[in-house]
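Here's the structure we're looking at; comments come further down.
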Amino acid sequence: MESDCPARALLVDRYKARIQKGQRTLRDQYLSCLDPDPACLLYERSQLIDEVLRELWIELCFPDSMALCAVGGYGRGELWPASDIDLLILLPDDPDPARAGQLEQLLRLFWDIGLEIGHSVRTVEDCLREAEKDLTIQTALVEARMIIGNYALFSRMSSEFRKRLDPQAFYHTKRIEQDERYRRYQESPYSLEPNCKDSPGGLRDLQTILWIAQVAGYGNSWRELKRHGFITYQEEQGLARRERFLQKLRIQLHFHVGRHEDRLLFDYQTALAERLGFRDKPTRRASEQLMQEYYRNAKTIMQLNTILLQNMGAAIFPSLEHESVPINERFQNTRQLLDVTYEKVFAEHPDAMLEAFLLMGRHSELKGLSARTIRQLWRARRLIDDDFRQNPLNKERFIELFRQPRGVLHGLRRMNEFDILGRYLPKFGAIVGQMQHDLFHVYTVDQHIMQVLRNLRRFSDTDFTHEYPFCSRLVSEFDKPWLLYIAALFHDIGKGRGGGHSELGAFDAQEFCDEHGLGEEDSELVVWLVRNHLVMSNVAQKQDTADPDVVAAFARTVKDERHLTALYLLTVADIRGTGPKIWNSWKDQLFEGLFNQTRHLLRLGGQVPAQGIIKERQEEALRLMLYHGIRESAHEQFWSLLDTVYFLRHSAEEIAWHTRALHYRVNTGEPVVKARLNPHGDGIEVMAYTRDQRDLFARMVGFFSRAGYNILDARIHTTKHGYALDSFIMLDVTGRGSDRNMISYIEHELKERLIRQAPPDQPAQGRISRQVRHFPIPPQVSIEDDEKGAQFVLSVNCSDRPGLLYTIASVLALHGANLHTAKIVTLGERVEDTFLITGGDLGNQQSRIKLETELLNQLKY
């Protein structure tokens, strides 16, 4: 065949055309159906390839002594649109050179006609030997079937292979393999871009169940597992539905991408949602609805996987009887696991479901739940109805869960996994699996709530005191910290319904507190926290907390130290629970600073005059300068050029640093640039002092961007004699870890640029993340008077991108606006920046509208 090129070319063209036509027909038939059958498509694709391979085998005259076999997914009759075709060519003995050459030509031909082949060429002995060493080969052979050839040879291999299979060893290695796979995906199905095949809760979880069942002799279908008593009829139907959903999703993913791809990337989620019939709603994108369906599906599959593997494990490893220690008439301690005393405990006593989790918290010797307890909990969850929720005993037990000294988080997580929490609190059930395409939450709403609860619990755990020293101290002095857990449970429960989720959540929290008999004072705190859980974040990150009026207004909102402490703890736990990279030392400094300022004010009983604050800071700054050997009168000329706003916006330590650097060169002709490691956390603090000049802020922003730094905070001040005194807090975004080495570079290079007054550096070009590209936030810009009417507050809310701050600075410069402070808040892929500006005819409404419009136009691109 290889030497007969024209004949080979005709053969290739004929089979390639046949495969393409057959696949196109199957695709068109599938996509034209309103409710297509995914299993039918997978089977028919397998049949199509079977027919092609059989005909090729016959046409190429391969001897009857060999066998062509399908293995892996193709072996079980599931051939996905873009998956490899796994083949085993089974030989009676090692091939001679002529036979090896013929086989090589065959494999090349497979590729030439458009088949993506994964192949092995082995004898029976090779198969048996390799299967003992390699779990992947062993698993592939479990599903082997013959396509054409010597049936006796295939039967011998299959029979010998199955004789050597050890169900216990296979179970053990498959569990290890699954555990390793889970760890690769952080043991969670809730990735923003999950893998629908390999992520926890994906197709691989279902396949693992059936592989183990097949090796153990329990069949290879959900129906056979039901026949063996491992699952109920309802569970059989549920597994089939969830498998069907994943099959549809993966088929559409392969069709859409046109190649092998199992990741639900942002790039594909919108198109997949449309293909699967989801449509945008006023409050939720179609892609968010698709992903919620996926996450709920994955969560259920993970739970059923756990139950089935435990149940099959108990059958595969029959254990000796262990003496159980009674706990009460419904529960017992069996091998340090909470076990039901008989099979129908929850069916006869539904209230025992909450009791089980309460006992887990009360008995430290219990390490988990037994297999049959998990199975019965899962099956009894549907008994949670309105009567169950109104039962006073269940209400009491649910509240008691939060009061336990241990096991609160673990219990709530388990209740969420088993769908008990969502059934007891239907409003919570509505947000299970709900994704948040807000560019900074990396968890679904329910998982974010669990992360917040985890953080609050860690504040109380002495093992984490080193990580949260300030929070740990506060929570140790806080009366009834369990109220914070209830507030955390409700703080985002109102999301996805339209309207303000804080108000919706506060209404739900009030209803919960009333129904569960919380006292008036406790209820008030919980509801107040839910309603105001974003307030401290907004004040700390978007307002000028150096302004005494801002702190005084915040103090009036929190009213007393108990509310302040509770709000601070919930806020820190909330922000840290949005994603692993959101919290940093700068935020830590911001929030702790606001807490301390407010607590100080509350203890003084009200408003502290600005002059009193300024005097305190100046006295502390003088003390610090004396410590560094600066003479007592050295500050006088420099301070005489500064107004009260400067002293309000800077700490005593910053004032002392500025004064030490500038007191002897107040009227210097050259710019002064000083940099140092941020004394309050990560990053660098930079001060620049120079005669005011056009585009100054844009020039510095461009330089910092080129140097690889993001600005977190900027304070812009103009002295009475026309000098700019600007200070910045910045974080390195390059990952080079060399802030100390960058200090001299910044001082020298920025000074040179300010001397030359060269055009601003264009910021370094970078790539916009795929998440921003596919789920952008429409930019929002507003300019409003500040409370005193002397300045204007510019708020910008949009997707993050390289050079964003430079763009804003350039537009402000173009319109003649003067910048006084900048609060830069980056939340994942989203920014919420606040600027205090004056000038540029901002007092004129038309001028403000023109500036807002220009900013919106620039931020769209």
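Of the residues making up region 646-662, just one is under 29 Å from S738 (Cβ atoms) and aromatic (F, W, Y), namely W657. With respect to (1) among the small types (G, A, S); (2) open to solvent by 50 Å² or more (accessible area, probe 1.4 Å); (3) touching a residue at least 40 places away in the same chain (Cβ under 8 Å); (4) outside any loop (DSSP other than H, G, I, E, B), the lone exception for S159 is condition (3). For region 680-707, a residue qualifies if it is aliphatic (A, V, I, L, M), closer than 17 Å to G669 by Cα and in contact with a helix residue (DSSP H, G or I) (Cβ under 7 Å, 6 or more places away or on another chain), and the qualifying residues are M687, A688.
In region 769-790, the condition of being in contact (Cβ under 8 Å) with a residue 24 or more places away in the chain, closer than 16 Å to P671 by Cβ and in contact with a helix residue (DSSP H, G or I) (Cβ under 6 Å, 6 or more places away or on another chain) is met by no residue. N844 satisfies every condition listed in (1) at pLDDT below 85; (2) over 37 Å from the mean Cα position of the chain (by Cα); (3) over 27 Å from P759 (Cβ atoms) except (1). For region 730-743, filtering for residues that are touching a residue at least 60 places away in the same chain (Cβ under 8 Å) and in a helix (DSSP H, G or I) leaves 4.
When G407, G422 are checked against the criterion of being modelled with pLDDT under 95 and either open to solvent by less than 60 Å² (accessible area, probe 1.4 Å) or of a type outside the set (K, R) (or both), G407 stands alone in meeting it. The residue that is least open to solvent (accessible area, probe 1.4 Å), among those in region 87-125 that are modelled with pLDDT of 95 or more and farther than 22 Å from C61 by Cβ, is V124. The single condition among (1) closer than 21 Å to K587 by Cα; (2) outside any helix (DSSP H, G or I); (3) open to solvent by 30 Å² or more (accessible area, probe 1.4 Å) that N538 does not satisfy is (2). Among residues of region 345-395 being in contact (Cβ under 8 Å) with a residue 40 or more places away in the chain and acidic (D, E), the one that is surrounded by the fewest Cβ atoms within 10 Å (Cβ to Cβ) is D351. E274 falls short on exactly one of the conditions (1) assigned to a helix (DSSP H, G or I); (2) without any contact (Cβ under 8 Å) to a residue 60 or more places away in the chain; (3) crowded, with 18+ Cβ neighbours inside 10 Å; (4) of a type outside the set (S, T, N, Q), and that condition is (3). Only one of the numbered conditions (1) more than 29 Å from the chain's Cα centre (by Cα); (2) among the aliphatic types (A, V, I, L, M); (3) open to solvent by less than 80 Å² (accessible area, probe 1.4 Å) is not met by V325, and that is (3).
With the structure loaded, tell me whether L41 is assigned to a helix (DSSP H, G or I) and either among the small types (G, A, S) or closer than 27 Å to Q138 by Cβ (or both) or whether it fails that test. If you could, list the steps in order and put the result at the bottom.
Values: assigned to a helix (DSSP H, G or I): yes; either among the small types (G, A, S) or closer than 27 Å to Q138 by Cβ (or both): no.
Here the answer is no, as L41 does not meet what is asked.
There is at least one residue in region 663-671 that is without any contact (Cβ under 8 Å) to a residue 40 or more places away in the chain, among the polar types (S, T, N, Q) and over 28 Å from S738 (Cα atoms).
Name the one entry in L34, L60 that is open to solvent by 20 Å² or more (accessible area, probe 1.4 Å), of a type in the set (A, V, I, L, M) and either within 18 Å of A144 (Cα to Cα) or free of Cβ contacts under 8 Å to residues at least 40 places away in the same chain (or both).
Numbers: L60 fails: either within 18 Å of A144 (Cα to Cα) or free of Cβ contacts under 8 Å to residues at least 40 places away in the same chain (or both).
Of the residues listed, the single one that is open to solvent by 20 Å² or more (accessible area, probe 1.4 Å), of a type in the set (A, V, I, L, M) and either within 18 Å of A144 (Cα to Cα) or free of Cβ contacts under 8 Å to residues at least 40 places away in the same chain (or both) is L34.
Restricting attention to region 187-194, does a residue exist that is hydrophobic (A, V, I, L, M, F, W, C), at pLDDT 95 or above and either surrounded by fewer than 21 Cβ atoms within 10 Å (Cβ to Cβ) or out of contact with any strand residue (DSSP E or B) (no Cβ under 7 Å at 6 or more places or on another chain) (or both)? Within region 187-194, none of the residues are hydrophobic (A, V, I, L, M, F, W, C), at pLDDT 95 or above and either surrounded by fewer than 21 Cβ atoms within 10 Å (Cβ to Cβ) or out of contact with any strand residue (DSSP E or B) (no Cβ under 7 Å at 6 or more places or on another chain) (or both).
Could you run through region 44-72 and say how many residues are part of a helix (DSSP H, G or I) and either touching a strand residue (DSSP E or B) at 6+ places or on another chain (Cβ under 7 Å) or among the charged types (D, E, K, R) (or both)?
If we filter region 44-72 for residues that are part of a helix (DSSP H, G or I), which is where we start, we get 44-59, 72.
Cutting the leftovers down to either touching a strand residue (DSSP E or B) at 6+ places or on another chain (Cβ under 7 Å) or among the charged types (D, E, K, R) (or both) gives us 44-45, 49-51, 53-55, 57, 59, 72.
Counting residues in region 44-72 that are part of a helix (DSSP H, G or I) and either touching a strand residue (DSSP E or B) at 6+ places or on another chain (Cβ under 7 Å) or among the charged types (D, E, K, R) (or both) gives 11.
Of all residues in region 40-53, those satisfying the criterion of being within 19 Å of H254 (Cα to Cα) and open to solvent by less than 50 Å² (accessible area, probe 1.4 Å) are L41, L42, R45, S46, L48, I49. Checking each residue in region 571-592 for being open to solvent by 10 Å² or more (accessible area, probe 1.4 Å) and in contact with a Ser or Thr (Cβ under 7 Å, 6 or more places away or on another chain) picks out only I575.
For E143, state whether it is surrounded by fewer than 19 Cβ atoms within 10 Å (Cβ to Cβ) and not polar (S, T, N, Q). It is false that E143 is surrounded by fewer than 19 Cβ atoms within 10 Å (Cβ to Cβ) and not polar (S, T, N, Q).
Return the total of residues in region 359-386 being among the β-branched types (V, I, T) and either out of contact with any Phe, Trp or Tyr (no Cβ under 7 Å at 6 or more places or on another chain) or under 23 Å from P318 (Cα atoms) (or both). Steps first, please.
Going residue by residue through region 359-386, those that are among the β-branched types (V, I, T) are 373-374, 384.
Now drop any that are not either out of contact with any Phe, Trp or Tyr (no Cβ under 7 Å at 6 or more places or on another chain) or under 23 Å from P318 (Cα atoms) (or both), which leaves 373-374.
Of the residues in region 359-386, 2 are among the β-branched types (V, I, T) and either out of contact with any Phe, Trp or Tyr (no Cβ under 7 Å at 6 or more places or on another chain) or under 23 Å from P318 (Cα atoms) (or both).
Might you check whether a residue that is surrounded by fewer than 21 Cβ atoms within 10 Å (Cβ to Cβ), among the charged types (D, E, K, R) and either at negative phi or in contact (Cβ under 8 Å) with a residue 24 or more places away in the chain (or both) occurs anywhere in region 296-307? Taking every residue of region 296-307 in turn, none turns out to be surrounded by fewer than 21 Cβ atoms within 10 Å (Cβ to Cβ), among the charged types (D, E, K, R) and either at negative phi or in contact (Cβ under 8 Å) with a residue 24 or more places away in the chain (or both). When H254 is tested against (1) open to solvent by less than 20 Å² (accessible area, probe 1.4 Å); (2) in contact with a helix residue (DSSP H, G or I) (Cβ under 8 Å, 6 or more places away or on another chain), just one condition goes unmet, and that condition is (2).
The set of residues from region 1-31 being assigned to a helix (DSSP H, G or I), surrounded by fewer than 11 Cβ atoms within 10 Å (Cβ to Cβ) and among the polar types (S, T, N, Q) is empty. Taken residue by residue, region 177-200 has at least one member that is among the aliphatic types (A, V, I, L, M) and assigned to a loop (DSSP other than H, G, I, E, B). If we keep just the residues of region 774-827 that are assigned to a helix (DSSP H, G or I) and within 25 Å of the chain's Cα centre (by Cα), which is surrounded by the fewest Cβ atoms within 10 Å (Cβ to Cβ)? Out of the qualifying residues, it is H774.
The values are calculated or read from the model by the stated rules, or taken from the named source; none is laboratory data. Fair warning: this is a prediction, and the values are worked out from it, not measured in the lab. Ideal geometry is used to build each Cβ from the backbone, glycine not excepted, and the neighbour counts take in all protein chains shown. We work out accessible area using only protein heavy atoms, side chains counted, and drop any ligands, DNA or RNA first. Shrake-Rupley method; radii C 1.70, N 1.55, O 1.52, S 1.80 Å.
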